[in-house]
1. Val36: modelled with pLDDT of 90 or more and either under 30 Å from Leu211 (Cβ atoms) or among the hydroxyl-bearing types (Ser, Thr, Tyr) (or both), yes or no?
2. Could you tell me whether any residue of the stretch 44-64 is modelled with pLDDT of 90 or more and within 30 Å of Ser120 (Cα to Cα)?
3. Going through the stretch 123-141 one residue at a time, which ones are among the hydroxyl-bearing types (Ser, Thr, Tyr) and under 8 Å from the mean Cα position of the chain (by Cα)?
4. Sort out for me the helices (runs of 4 or more DSSP H) sitting completely within the stretch 134-247 that have 2 or more residues that are in contact (Cβ under 8 Å) with a residue 60 or more places away in the chain and in contact with a Cys (Cβ under 9 Å, 6 or more places away or on another chain).
5. Say whether the condition of being within 15 Å of Ile90 (Cβ to Cβ) and either under 13 Å from the mean Cα position of the chain (by Cα) or of a type in the set (Asp, Glu) (or both) is met by at least one residue in the stretch 154-171.
6. Residues of the stretch 248-268 being not in a loop (DSSP other than H, G, I, E, B) and not β-branched (Val, Ile, Thr), which ones?
7. Just checking, which of Ser188, Ser260 is of a type outside the set (Val, Ile, Thr) and at pLDDT 95 or above?
8. Kindly provide the set of residues from the stretch 34-48 that are part of a helix (DSSP H, G or I) and in contact with a Lys or Arg (Cβ under 9 Å, 6 or more places away or on another chain), ordered by number.
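The values are calculated or read from the model by the stated rules, or taken from the named source; none is laboratory data. Values in this document were obtained by computation on a predicted structure and should not be read as measured data. Glycine gets a Cβ as well: all are built from the backbone with ideal geometry, and neighbour counts include every protein chain shown.
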Amino acid sequence: MSEARIHDQGYRRFEGERLGVSSAIVGLITHAIQRVLGLRRPLKSKILPGLVLAISFAPAIVFIGLAALLSGTDVAEEILPGYSDYYGFIVIGVLLFAAFVAPEVLCTDRTSGMLSLYLSSPLTRDTYVLAKAAAVVSVLLTVTVAPLLLLLVAYTLEGEGPGGVLDFIELFARIVAAGTAAALMPASVSLGISSLTSRRSFASAGIIVVLVAGSIVANVLTEPTGLDLDPIFGLFDLFGLPFELAVRILGERSTDGALSRLDDPAIVAGNVGWIVVFGLLTRFRYQRVAVDR
């Protein structure tokens, strides 16, 4: 005799709190960040993000130790790097995260079928892309902002930081703005390339090619040993351009290359222009991605 039973529970109204679209966006951002960083996932999912964070924070920890040992000496000013100099230590971390984060949070949803489930919720295609973009930028900010803020606080405690409270607040704001500028361009490129394919490996390879090839093309077009064209062609350096803007926000500028010969409005316009281009590409693609409801 069968043990199966049918329990007719009838229709029940949802009595809980309806949190709306904003809660769905925040939830998607949180889930995407957790996925990228390997939180609540197997150990192998934590290896790459852990490596990138180690690469980005290890130099800061070393310099903090040197600041503690050399505090108050003339040697400290010569050895300890400036805040803009620290970008040279995190470029690899930014490149790895840019090539890994967006493919992980965008391509996976299309191959697993989760995109159709998200779009059956209060999320629209635009709010879905907005949430994913916020997650990608947030992860990149852990590399472009957090290590420099750690240096700022440590240097200040060791007497090697800004001279007063107002100077500290100003430098804090500059570091946040510069780090945001350094994260937005790689994030937009990463999102744009990832929107073109559902294969994570193809997206990651494409992101690296676009960022690295852009720098090579810009150098060939503008360097005296190349075609020696107008420095404006340096704006094709999609990887160097955001760091140039970040350095200038911190009150300095690079000393060589085509980007160093461009004025501030051109650097700002170049960053904004490319971010808009790849942002529109991402939106265009997701307005046309077919999903099964």
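1. no
2. no
3. Ser138 - this is the single residue of the stretch 123-141 that is among the hydroxyl-bearing types (Ser, Thr, Tyr) and under 8 Å from the mean Cα position of the chain (by Cα).
4. Output list reads 200-222.
5. no
6. In the first step, residues of the stretch 248-268 are kept if they are not in a loop (DSSP other than H, G, I, E, B); the result is 248-249, 258-261, 264-268.
Arg248, Ala258, Leu259, Ser260, Arg261, Asp264, Pro265, Ala266 - these are the residues of the stretch 248-268 that are not in a loop (DSSP other than H, G, I, E, B) and not β-branched (Val, Ile, Thr).
7. Numbers: Ser260 fails: at pLDDT 95 or above.
Answer to the selection: Ser188.
8. Gln34, Arg35, Leu37, Ser45
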